[in-house]
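To start, the structure itself, in structure tokens.
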Amino acid sequence: MKHYMDYAATSAHRPPEVAEAVSEFLRGVGCTPGRGGHSGAMEAARIAFRCRRELARIMDLPGDPGRIAFMHNATHALNTALWGLLDHGDVLVVSQYDHNAVLRPAHYLSRVRGVRIRVLSGSPDGAVDLHEAARVLDGARVLVLNVASNVLGTLMPVADLSALAHAAGAIVVADAAQSAGHLGRERTLEGADVVAFTGHKGLLGPQGTGGLWLRDGLEVASMLRGGTGGDSRNRRMPRAMPDRLEAGTGNSPGIAGLLAGCRYLADRGVHSVHVGEMALKASLIDGLETVNGLDVLSPPAPDGVPVVTVRAIGMDAATLAGRLDREHNIQTRAGLHCAPEVHRILGTSDEGAVRFSLGWASTPEDVEAAVTGVDALLGPVAVPVG
């Protein structure tokens, strides 16, 4: 039996309704919203609208669901936000918790547009210094917040940082790649002006789905330009959302699957699912902390997302993850997790670490297998510190 523990990368195990929805769309609809006035295109448009509405409900995003533009993933959404909000010489504030989906476009914009980057410091416990935040936000145009760390599993104080950003006149972009589908806006997105999310993690949708939400009244310049299905004489992209940010044909079968994932979460209750995940996370941390030769890096906080990252003493991360897979049927992720600055904080930049991440279908048996497997590989051969 395989024990899948890499949900922070992709929810490879999905409710069967998701695959069924994709298949039914391809068999019975197969069309694209806005490309024609016939019944097939209209049905595709209705599915897309229902998905926007369910996404707004799951993440508690206020206002018109049409403020959600579909994207390929959170990386696409974050690039769209940064390219569309930052101009020559603007100040962008990022943090050491950010993913390369933020750090790489930020670095590129610093070269091609002269965007000035300031970095808010992080720490191994996932905390931030609000006094430092107030200093680096002075004169800033945009603040990016990594809502939930994909390495530590901790949450940033989005409401507090958003208040400081708004006082400084900055726009807040929330990277909700790891929090969407786990926690609603009332806990994690309060004060955000822009929310980037992906569909293939906590929202249980297929790969190639995601989106960008904009608060009412905020405009983001289009990164891509092309057909939208309407206003075709206009040489410029429409101003109205979501067409403004949705150039070209999107992933309609994936959107049908994402709708099914959102409905599954709504039926079970996002909070209920998350409580179960976090209970398993607590059990996993407790068990792993008993293993000789293992350093649990994720703080045992009651809040957060179900991610537990560890470092083995005397065995590199790739070897540990590989042996867990081959010898114990436990699938994890080793490396730097596309978040190099977090690993710099943790002192794991050279060899990385191993991340266990749980999801909606995780079980106590998965946790027991993980603890037993790690103990079998490390416990008898632990190398003393120093």
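Reported count of residues in region 349-361, each being touching a Lys or Arg at 6+ places or on another chain (Cβ under 9 Å), surrounded by fewer than 24 Cβ atoms within 10 Å (Cβ to Cβ) and more than 20 Å from V102 (Cβ to Cβ), is 3. Scanning region 26-47 for residues that are open to solvent by 70 Å² or more (accessible area, probe 1.4 Å) and at pLDDT 90 or above gives L26, R27, H38, S39, M42, R46. If you go through region 247-288 and keep only what is touching a residue at least 40 places away in the same chain (Cβ under 8 Å), of a type in the set (G, A, S) and not in a helix (DSSP H, G or I), you end up with just G250.
Looking only at residues in region 101-111 that are of a type outside the set (S, T, Y) and either free of Cβ contacts under 8 Å to residues at least 12 places away in the same chain or not in a helix (DSSP H, G or I) (or both), the one that is surrounded by the most Cβ atoms within 10 Å (Cβ to Cβ) is R104.
Taking region 112-169 as the region of interest, how many residues are assigned to a helix (DSSP H, G or I), open to solvent by less than 10 Å² (accessible area, probe 1.4 Å) and of a type in the set (A, V, I, L, M, F, W, C)? Of the residues in region 112-169, 5 are assigned to a helix (DSSP H, G or I), open to solvent by less than 10 Å² (accessible area, probe 1.4 Å) and of a type in the set (A, V, I, L, M, F, W, C). When D98 is tested against the conditions (1) under 22 Å from G248 (Cβ atoms); (2) open to solvent by less than 10 Å² (accessible area, probe 1.4 Å); (3) not in a helix (DSSP H, G or I), the lone failure is (1).
If I filter region 48-64 down to residues being open to solvent by 80 Å² or more (accessible area, probe 1.4 Å) and charged (D, E, K, R), which single residue comes out as farthest from A247 (Cα to Cα)? Give the steps one after another, and end with the answer.
First pass over region 48-64, keeping only residues open to solvent by 80 Å² or more (accessible area, probe 1.4 Å): 49, 53, 57, 64.
After this cut, where a residue has to be charged (D, E, K, R) as well, the list is 53, 57, 64.
Working: R53: 20, R57: 25, D64: 20 Å.
Only one residue fits best here, namely R57.
Evaluated against (1) at pLDDT 95 or above; (2) under 30 Å from D375 (Cβ atoms); (3) not aliphatic (A, V, I, L, M), P300 falls short on exactly one condition, (1). Quick one: which helices (runs of 4 or more DSSP H) lie wholly within region 289-386 and hold at least 1 residues that are closer than 22 Å to M278 by Cβ and more than 27 Å from the chain's Cα centre (by Cα)? Passing ranges, in order: 364-378.
Identify all residues within region 9-39 that are of a type in the set (G, A, S) and closer than 18 Å to G208 by Cβ; write none if there are none. Can you show your working first?
Let us first name the residues in region 9-39 that are of a type in the set (G, A, S), namely 9, 11-12, 19, 21, 23, 28, 30, 34, 36-37, 39.
Of everything in region 9-39, those that are of a type in the set (G, A, S) and closer than 18 Å to G208 by Cβ turn out to be A9, S11, A12, A19, A21, S23, G30.
Being polar (S, T, N, Q) and surrounded by fewer than 23 Cβ atoms within 10 Å (Cβ to Cβ) is true for just one of T332, T249, T309. Which residue is that?
Values: T332 fails: surrounded by fewer than 23 Cβ atoms within 10 Å (Cβ to Cβ); T309 fails: surrounded by fewer than 23 Cβ atoms within 10 Å (Cβ to Cβ).
Of T332, T249, T309, the one residue that is polar (S, T, N, Q) and surrounded by fewer than 23 Cβ atoms within 10 Å (Cβ to Cβ) is T249.
Matching residues to (1) open to solvent by less than 10 Å² (accessible area, probe 1.4 Å); (2) of a type in the set (F, W, Y); (3) modelled with pLDDT of 95 or more; (4) touching an Asp or Glu at 6+ places or on another chain (Cβ under 7 Å):
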{"position": "T198", "(1), (2), (3), (4)": "yes, no, yes, no"}
{"position": "K201", "(1), (2), (3), (4)": "no, no, yes, no"}
{"position": "G210", "(1), (2), (3), (4)": "yes, no, yes, no"}
{"position": "W213", "(1), (2), (3), (4)": "yes, yes, yes, no"}
{"position": "S222", "(1), (2), (3), (4)": "no, no, no, no"}
{"position": "D231", "(1), (2), (3), (4)": "no, no, no, no"}
{"position": "R235", "(1), (2), (3), (4)": "no, no, no, no"}
{"position": "G257", "(1), (2), (3), (4)": "yes, no, yes, no"}
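Is it the case that V172 is hydrophobic (A, V, I, L, M, F, W, C), farther than 15 Å from L55 by Cα, open to solvent by less than 10 Å² (accessible area, probe 1.4 Å) and not in a strand (DSSP E or B)?
Considered against the rule, which asks whether it is hydrophobic (A, V, I, L, M, F, W, C), farther than 15 Å from L55 by Cα, open to solvent by less than 10 Å² (accessible area, probe 1.4 Å) and not in a strand (DSSP E or B), V172 comes out as no.
The values are calculated or read from the model by the stated rules, or taken from the named source; none is laboratory data. Note that this is a predicted model, so its numbers are computed, not measured. Please note: Cβ atoms are built from the backbone with ideal geometry, for glycine as well, and neighbour counts cover all protein chains shown. Ligands, DNA and RNA are stripped out before the accessible areas are found, and what is left, the full protein with its side chains, is counted by its heavy atoms. Shrake-Rupley method; radii C 1.70, N 1.55, O 1.52, S 1.80 Å.
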